[in-house]
Amino acid sequence: MSEQNCIGVFDSGIGGLTVVKELFARLPDERIVYFGDTARVPYGSKSVDTVRRYAKEDTELLLLHQPKLIVVACNTVSAVALDVVKSLAGDIPVIGMIEPACKEALRISSSGRIGIIGTEATISSKAYEIELHNEAERVGKKIETFAKACPLFVPLAEEGWEDKVVAELVVREYLEPLHEAKIDTLILGCTHYPVLIKVIGHVMGNDVKLINSGAVAARQVKTLEANSLKAKPEHLFLVSDIPRKFQSIGERFLGYPLPEIKQVVFEEAWVVNP
Ligand code: DGL
């Protein structure tokens with residue numbers, strides 16, 4: 001393989017495939033090397049230090065494949081460890097999920113009442129709110145933000161239960177405060193959530209615009225990517241563990257058949273109380 005011939009993408013697991021789907025749609029000739037850290041998912045309920053350590057190791061793995069660009073297809077990593085990825089990547093451009101989604105929210109929100117949903121780690125980092133308020137100040141727009149962690153959305157998506165009654169009950173329970181706050185734009189700040197977009201849209205109603213952070217980020221990748229297109233890309237999908245349903249759920253997330261999925265193992269020594 002020639003140098004820097006792929007776009008490296010990583011997530012804590014399967015959720016980043018919703019971003020790969022958008023990349024496939026916009027950049028069909030690009031080769032994707034994807035890593036899903038399925039052995040250590042979820043990241044969203046872990047501490048900042050742990051997610052930063054995982055982000056470092058995930059980036060090191062992708063760098064072995066000499067990517068020309070890295071997409072951090074995980075909002076949790078984008079929220080608490082984007083600087084870790086960027087410092088390891090050096091000159092290689094890194095696209096996270098947060099900045100593109102915030103720009104889009106400010107562009108499409110008419111009332112300035114913007115909701116954000118994500119994992120516990122993403123929401124408690126306030127990364128979205130900080131970025132939204134900074135960007136709003138830059139463009140001279142008045143906004144109010146409403147954030148809500150929705151930890152049960154990830155297992156619902158992983159289980160493939162997005163069309164079941166339980167999904168609607170859970171979505172209603174979490175999103176009621178945002179509905180009452182009369183937001184007009186909602187950022188799906190987790191790469192698993194596009195799987196639930198139908199039920200989220202149903203619960204929030206037609207007046208609320210939904211932003212798929214991965215889709216907006218993929219648009220930004222396309223703007224950066226003007227050259228080095230390959231005619232017949234051979235994608236590579238790596239995981240740190242092969243869960244029972246990765247293939248079937250992954251193919252549903254992606255909307256395409258997955259090629260052979262390879263397993264990788266981190267070989268590191270344990271350190272007790274460093
Ligand atoms: N895909 C992750 C994100 O976008 C959520 C899953 C997890 O908790 O690891 O934050």
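The values are calculated or read from the model by the stated rules, or taken from the named source; none is laboratory data. What you see is a predicted model, and the numbers here were worked out from it, not measured in a lab. Just the protein is used for accessible areas: all its heavy atoms, side chains included, with ligands, DNA and RNA removed. Shrake-Rupley method; radii C 1.70, N 1.55, O 1.52, S 1.80 Å.
Overview of results
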{"quantity": "Residue-span extension gain [PHE266 to LYS86] - 0.36 nm each, minus C-alpha spacing", "calculated": "62.7 nm"}
{"quantity": "Å² of accessible area per residue within the chain, as computed with a 1.4 Å probe and no ligands counted", "calculated": "47"}
{"quantity": "Rg in Å to one decimal, and Dmax rounded to a whole Å, for the chain via C-alpha atoms", "calculated": "18.0, 53"}
{"quantity": "Stretchable slack from GLN66 to LYS245, in nm (0.36 nm times residue separation minus alpha-carbon distance)", "calculated": "61.5 nm"}
{"quantity": "For the range 1-62, fraction of C-alpha pairs farther apart than 20 Å, in %", "calculated": "32"}
{"quantity": "The range 129-267 - percent of accessible surface contributed by carbon and sulfur, probe 1.4 Å", "calculated": "52"}
{"quantity": "Principal semi-axes in Å for the range 142-264 [√(5λ), Cα gyration tensor, largest first]", "calculated": "30, 21, 11"}
{"quantity": "Whole-percent carbon and sulfur share, accessible surface of the range 13-81, 1.4 Å", "calculated": "51"}
